[in-house]
Amino acid sequence: MPTKIRITSDAVLDSLVAVVWGLPWLEILAEVWKAGLKLWNGMAHEGMYEVLEHTVTLELQDKNGKRALVRKRQKVRYLQNNIIAYQDQAWGDGEILLDYRCTPGTVVDLYRPGQKTLLLISLRETKHRGDVDEFNIQWRTRNGFLRETELWETVVSHKTKELKIQVIFPLSRPPRRVWIIENLCRRKRRLGE
């Protein structure tokens, strides 16, 4: 005659509680938290590339602000595989993007959503995670800096390690006041104070 084993709900509950309390829950929760933070930070900041160095120079070429030259240099490291394009952006008063030049790459499209102009630059080859490129970009503007008070803006839209901004004034048009404004941080600082 077969032996019957009787399992009560109390016995099952006691066994389940013993297993649950026997697990290292604090360590498991800590590891899940760490993995969640890594995933969140990676998704929030990864992007297609990171900017290792970004230098932008605005050179006013006459005292009236009718002629100016913009030069940008961006050294980027790709964070994904199969990247075939790079995006540049520009905005300003007057005629902008005159004699636009970019190396490496070729401008294949540009469009204007609002105040800024976005330029799509074909790299003419496929880039992979870890590859590094240095973009050298320049263009001229006409009638862009004619007012008594002017604004020059640099937008940081990718993870950026180093940023350098230069404005070169002609001797006949020295700056009276220069402010640095960080919009997201809500900080404003006058240079020279």
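In region 50-193, the C-alpha radius of gyration followed by the widest Cα-Cα span (Dmax) gives 16.4, 49 angstrom.
For region 72-89, the Karplus equation 6.51 cos²θ - 1.76 cosθ + 1.60, evaluated at θ = phi - 60°, returns couplings of 10, 10, 10, 9, 10, 10, 6, 10, 9, 8, 6, 8, 10, 8, 10, 10, 10, 9 Hz by residue, with Gly and Pro reported as x. Using a probe radius of 1.4 angstrom, the carbon and sulfur fraction of the accessible surface of region 81-193 is 48%.
For region 55-159, the solvent-accessible area with a 1.4 angstrom probe is 57 square angstrom per residue.
Taking 22 Å as the limit for the C-alpha separation, the pairs Lys127/Lys159; Lys116/Lys159; Lys127/Lys164 exceed it in the case of Lys127/Lys164.
Summarising the amide proton neighbourhood of Gln61: residues at separation of 5 or more, or on other chains, whose placed amide H is nearer than 5 Å comprise Arg67, Ala68, Leu69. Coupling constants for region 125-134 follow from the phi torsions by the Karplus curve (6.51 cos²θ - 1.76 cosθ + 1.60, θ = phi - 60°), and in residue order they are 6, 8, 9, 10, 3, x, 5, 10, 10, 10 Hz; glycine and proline get x.
The values are calculated or read from the model by the stated rules, or taken from the named source; none is laboratory data. The model shown is predicted, which means the values in this text are computed figures rather than measured ones. Side chains are part of the model used for accessible areas, which takes the heavy atoms of the whole protein and leaves out ligands, DNA and RNA. Shrake-Rupley method; radii C 1.70, N 1.55, O 1.52, S 1.80 Å.
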